[in-house]
1. Spot the failing condition for residue 150; the list is (1) buried (at least 22 other Cβ atoms within 10 Å of the Cβ); (2) outside any strand (DSSP E or B); (3) modelled with pLDDT under 95, and only one is missed.
2. Only one of these is in contact with a strand residue (DSSP E or B) (Cβ under 8 Å, 6 or more places away or on another chain) and at pLDDT 85 or above: 61, 15. Name it.
3. Evaluate segment 215-226: report whether one residue or more is outside any helix (DSSP H, G or I) and buried (at least 22 other Cβ atoms within 10 Å of the Cβ).
4. Has segment 197-211 got any residue that is surrounded by fewer than 22 Cβ atoms within 10 Å (Cβ to Cβ) and out of contact with any helix residue (DSSP H, G or I) (no Cβ under 9 Å at 6 or more places or on another chain)?
5. Out of all the residues in segment 115-132, is one or more farther than 21 Å from residue 306 by Cα, touching a helix residue (DSSP H, G or I) at 6+ places or on another chain (Cβ under 8 Å) and not assigned by TED's automatic domain parsing to the domain that holds residue 22?
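The values are calculated or read from the model by the stated rules, or taken from the named source; none is laboratory data. Nothing here was measured: the structure is a model prediction, and the numbers come from that model. Glycine also receives a Cβ, built like all others from the backbone with ideal geometry; neighbour counts cover every protein chain displayed.
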């Protein structure tokens with residue numbers, strides 16, 4: 001297992017701008033969050049029913065300097081006191097990523113600090129380290145967000161084996177599309193979760209897709225289509241749709257697949273620790289069902305607080321710390337890579 005061979009404390013100034021949150025944080029020695037500032041664009045993009053990339057990029061340009069200044073101020077530190085500058089460089093929206101990468105490169109160059117590029121999904125996984133000082137690799141981690149659904153073995157800090165991934169829609173993407181279809185609006189995840197609390201999750205049976213030959217892969221497009229077909233049939237026959245029951249039943253179908261795959265992977269691969277990460281990891285049904293399943297299987301379950309599930313810079317600073325002490329340094333040619341795969345550099 002990789003250990004810190006540096007001397008003295010390591011302070012990381014981290015920047016995250018992969019989608020529609022402009023974020024910056026100061027992280028000490030990987031797990032101590034001194035500040036975590038997030039400027040959200042949810043209200044702006046709600047007007048359009050989803051994230052508009054060009055608008056997101058422009059808003060990042062507007063917000064990024066004040067957000068970084070606030071992060072340093074909240075931490076009670078200066079740029080000169082930082083050990084390194086970290087930034088998300090992929091995957092994500094290319095325009096949004098470019099804003100953060102350009103900012104980080106400029107700051108690092110001007111201040112004479114090392115630059116560390118961080119993979120966004122590695123950041124989500126690393127969010128589990130923030131509040132669980134006892135958690136160390138290896139373990140199995142489910143990453144579920146608006147753009148990603150990955151089942152990963154975290155072999156060591158910064159070392160991953162992907163067991164499964166989505167073949168089509170990510171889990172969070174399916175939440176957004178179904179929420180829009182039933183009139184709940186954007187962002188879909190929290191709205192589905194809230195509506196589901198008033199419904200019966202076994203009222204409607206929706207399909208659970210299996211990918212032949214890839215037992216740990218996910219597929220949610222068929223489930224999304226089943227919901228749309230249910231709504232169309234109800235409209236044609238004049239039946240009233242119980243939105244709470246539909247939301248609960250859809251959510252249960254997604255969660256059932258996520259939990260089943262994760263527990264099976266941990267047991268079959270011989271790991272006794274399971275973690276979840278990403279925006280969907282803040283879903284109350286997923287947290288509850290995964291906790292129950294882990295307890296039944298004798299597995300230890302870890303999950304971040306909701307603020308560390310959605311996009312934030314603290315998780316990027318945590319991931320960057322382990323990359324930094326392992327010798328990772330990015331050059332001035334670091335660029336945004338919108339389709340960067342986990343484990344690639």
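1. (2)
2. Details: 61 fails: in contact with a strand residue (DSSP E or B) (Cβ under 8 Å, 6 or more places away or on another chain).
15 is the lone residue from the list that is in contact with a strand residue (DSSP E or B) (Cβ under 8 Å, 6 or more places away or on another chain) and at pLDDT 85 or above.
3. Our first condition is that a residue be outside any helix (DSSP H, G or I); within segment 215-226, this holds for 215-220.
Narrowing the set further to residues that are buried (at least 22 other Cβ atoms within 10 Å of the Cβ) leaves 218, 220.
Checked against the condition, which is being outside any helix (DSSP H, G or I) and buried (at least 22 other Cβ atoms within 10 Å of the Cβ), segment 215-226 yields at least one hit.
4. Within segment 197-211, one or more residues are surrounded by fewer than 22 Cβ atoms within 10 Å (Cβ to Cβ) and out of contact with any helix residue (DSSP H, G or I) (no Cβ under 9 Å at 6 or more places or on another chain).
5. No, the conditions are met nowhere in segment 115-132.
Yes/no per residue for (1) within 18 Å of the chain's Cα centre (by Cα); (2) touching a residue at least 24 places away in the same chain (Cβ under 8 Å):
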site	(1), (2)
143	yes, yes
163	yes, yes
178	no, yes
181	no, yes
197	no, yes
225	no, no
230	no, yes
241	no, yes
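Residues checked against (1) over 19 Å from the mean Cα position of the chain (by Cα); (2) surrounded by fewer than 17 Cβ atoms within 10 Å (Cβ to Cβ); (3) assigned to a loop (DSSP other than H, G, I, E, B):
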residue	(1), (2), (3)
9	yes, yes, yes
34	yes, no, no
37	no, no, no
49	yes, yes, yes
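This table checks each residue for (1) modelled with pLDDT under 95; (2) assigned to a strand (DSSP E or B).
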| position | (1), (2) |
| --- | --- |
| 127 | no, no |
| 137 | no, no |
| 141 | no, yes |
| 161 | no, yes |
| 169 | yes, no |
| 172 | yes, no |
| 175 | yes, no |
